[in-house]
Structure formats: structure tokens, C-alpha cells
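Heads up, the thing below is written out as C-alpha cells.
The values are calculated or read from the model by the stated rules, or taken from the named source; none is laboratory data. Keep in mind it's a predicted model, so treat the numbers as computed, not measured. Cβ: placed from backbone, ideal geometry, glycine included. Neighbour counts: every protein chain shown.
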Amino acid sequence: MIRPPGKPLEPIFFLRARTHNSRLSDVRECYGKLAGTVAQRRMYMGILDELLGGGQRQKEYRDFVNRYEQGAPSEGYSDQEVLKRYGDVSHAVPADQYARAAQEALAKLSPEERAAFVKMLQERAAARGVALPRQVAPEPKDLGKVLTDLHGKPGQLRDILGGGDAQPQAQAQAQASNPIIDMLASPQAKAVLAGIAAMLVKRVMSSR
């Protein structure tokens, strides 16, 4: 390694640390500028820092990803855990990253499971007065775009896929943090949200 005259050679440890920190900054800048409010930005940046920086939070999410990849997509975790992991990371990423994760999660379902998911999605969206495209193809790319559009309004997709009946928005908000009603409408809904969360976490951690 050639060094300029009069300038001490920087130890390789510090060079690596500086490069690592630069990469973390790049990832945080990419993902952390999305939320609309200061409070949201701080919350999402905190989550991303923990996913990127190691520690207990990263171990928990790595374990969640492993369970998703090693077993059936709808098994290995409770509805409550899926909703929590999904809620932590789903709004901390750009729309194109979310769409890609949704497509990957949907691709893990069989054609029959995707068809059942589309039927459930259409019925529950109609019960809540949410307009979907007239024709929703049960293909990962097209269906992933529909989910991404629904996800654009915070809480909307979770409300549609939740296990309760349609209810007034105020009541839904009041119950949002109640673990007793944190249930999903079907195994396919659970598999899709778990897959989106797992794919997002995997992509963020691979950016280190």
C-alpha cells in the first residue's frame, strides 16, 4: 500500500470500520427518508439501525427469517408476531422494495393458495368499501402491485387482512394494539404478511 509522504499509514482495521460505517449510512439514507413525520423517521431509522448494527433485535429478526424460509410460509409463528414484524418494517422501505418483497412472498404460495387469497382479499375489501381493480390476477407480479397500492395507505392492508369483521375506523384504531384481536383472516394472509416482512428484513440485512 502506497502512502503519501508525511502521512501515517491508516491501520486496516480503521479502514474496514470506516467502509462499514459508510455502507450503513448509505442504507439508512436510502430507507430512512421515506416516512412523512419526524417521529416516524426516527422510529424507522431506529429499527434499521438495529437490523444493520447487530445485537438482540437483529438476532430475533434473523430467527424470524429462518423460520419463514425453512417451514411452511404460514407456520412457525403466531399471528401476533407476524403483525408485529410486518408493522415494524413494512413502512420503513421504498414502495419498489415493498413491491418486490410482496412478489417474492406471493411466489411462495401455490396457484391454488393465491387464488384463495385473491378471493378473500376481494371479499374483505368490498366489505370495507375499498376499491380494487376489476380483475385481480392471482399472479405474483400483478397481485404484488395490488398489495403495494393498498399498503400505500397506512393500516389499510392490515385492516383488510385482519381476522375481524368490517367495523368503523375509530373502533378499528382503538383496537389496533389489542393482542386479543390481532388475528389474521386466513393462513394465506398470514403467509403473505410474514413473507413480506421476512423478505424486507433479509434485503436490509444483506445491504450491510
Looking only at residues that are under 19 Å from Pro73 (Cα atoms) and of a type in the set (Gly, Ala, Ser) in the stretch 103-162, which one is modelled with the lowest pLDDT? Gly162
Show the residue pairs that are 6+ apart or on different chains and have beta-carbon atoms under 9 Å apart, the first residue being within the stretch 103-131 and without any contact (Cβ under 8 Å) to a residue 12 or more places away in the chain, the second being assigned to a helix (DSSP H, G or I) and of a type in the set (A, V, I, L, M, F, W, C). Ala131/Ala125
Residue count for the stretch 54-91, restricted to those that are crowded, with 16+ Cβ neighbours inside 10 Å and on the phi > 0 side of the Ramachandran plot: 1
Can you name the helices (runs of 4 or more DSSP H) wholly within the stretch 17-98 that have at least 3 residues being of a type outside the set (A, V, I, L, M) and at pLDDT 70 or above? 56-70, 79-89
When every residue in the stretch 163-192 that is touching an Asp or Glu at 6+ places or on another chain (Cβ under 7 Å) and in a loop (DSSP other than H, G, I, E, B) is compared, the one modelled with the lowest pLDDT is Asp182
